[in-house]
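Following: one structure in structure tokens, then a few remarks.
The values are calculated or read from the model by the stated rules, or taken from the named source; none is laboratory data. Owing to the predicted nature of the structure, the values given are computational and were not obtained by experimental measurement. When we count neighbours, we look across all protein chains shown, and the Cβ atoms used for this are built from the backbone with ideal geometry, even at glycine. Accessible surface areas use protein heavy atoms only, side chains included; no ligands, DNA or RNA. Shrake-Rupley method; radii C 1.70, N 1.55, O 1.52, S 1.80 Å.
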Amino acid sequence: SRPARVRVGSHSAARDAETAISDLIFADDPKRQRVPQLAGHMRGRVRERLQAHGIETTFSMSPAPLPDIGIGAAATNELLYVCHEVLNNILKHAHATKLETKFAVENDRFLINFRDNGKGFHLHSLPAGRRGLTNLRARVKALGGFIELKSAPGDGTEVTVSLPVEPIGGVGS
């Protein structure tokens, strides 16, 4: 009997489904709805997705170590979704060789910054009908957060996501 052959597209779709299920399980666990646990999970996700394509990944955090503050299930889920979409865009469009990811807690907010060295683009030249960024912004805004996008041709792309954290002593502390 011959081994089964898997098409690249099928393998990618299966991997994406497995990742989505893993992220749902992660986001549903109250013990993991904490800033350090989420940052660690996202760090692993970034490495797993990009290093397989030869893209160098670096990480930083401020303060180090990140404070053990709650982020909540909805925010955890949205940040994992944003991370997935950022990585997809890097792989499909950026032609990047490096991605720097920064995690920070500032003024009761959890910030994640993704900065690639890819080809970049004019922000006003996104094709009509592409609603991905608009949808991401609306989803994050519904949780009291924001997404900032910076890009220019030849200068890579930077995406910053900010969401409120739970007050110290809040749920799960």
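For the range 140-157, take each phi angle, set θ = phi - 60°, evaluate the Karplus expression 6.51 cos²θ - 1.76 cosθ + 1.60, and give the result in whole Hz per residue in order, putting x for glycine and proline.
Each residue of the range 140-157 in turn: 6, 4, 4, 9, x, x, 8, 10, 10, 10, 10, 6, 8, x, x, 10, x, 9 Hz.
Any chance you could list P(r) for the range 24-129, counting all Cα-Cα pairs in 5 angstrom bins from zero, rounded to whole %?
2, 12, 22, 22, 18, 13, 8, 3, 0
Which distance in nm do the two modelled labels at Arg131 and Ile21 give, with both placed 7 Å along the Cα-to-Cβ direction?
In this crude label model, Arg131 to Ile21 measures out at 2.9 nm.
Using a basic spin-label model with each label point 7 Å from the Cα along Cα→Cβ, how many nm lie between His93 and Met61?
That separation, rounded to one decimal, is 3.0 nm.
Quick one: grab the alpha carbon gyration tensor of the range 91-155, order the square roots of its eigenvalues as a ≥ b ≥ c, and give me rounded if a/c is under 1.5, else prolate or oblate depending on whether a/b is larger than b/c. Walk me through the numbers on the way to the answer.
Numbers: a/c = 2.47, a/b = 1.25, b/c = 1.98.
Because a/c hits 1.5 or more and a/b fails to exceed b/c, the range 91-155 counts as oblate.
Considering only protein heavy atoms and a probe of 1.4 Å, how much of the accessible area of the range 64-123 is carbon and sulfur, as a whole percent?
50 percent
Given H placed 1.01 Å from N in the peptide plane, which residues other than close sequence neighbours of Arg34 have an amide H under 5 Å from its amide H?
Amide H neighbours of Arg34: Ile71.
Can you give me the convex hull volume of the Cα atoms of the range 65-125, divided per residue and expressed in Å³?
Details: hull volume 7.1 nm³, N = 61.
Given the Cα convex hull of the range 65-125, per-residue volume reads 116 Å³.
Holding the Cα-Cα limit at 23 Å, pick out from Lys102/Lys150; Lys92/Lys119; Lys92/Lys141 the pairs that are longer than that.
Values: Lys102/Lys150 15 Å; Lys92/Lys119 12 Å; Lys92/Lys141 26 Å.
Too far apart for the 23 Å limit: Lys92/Lys141.
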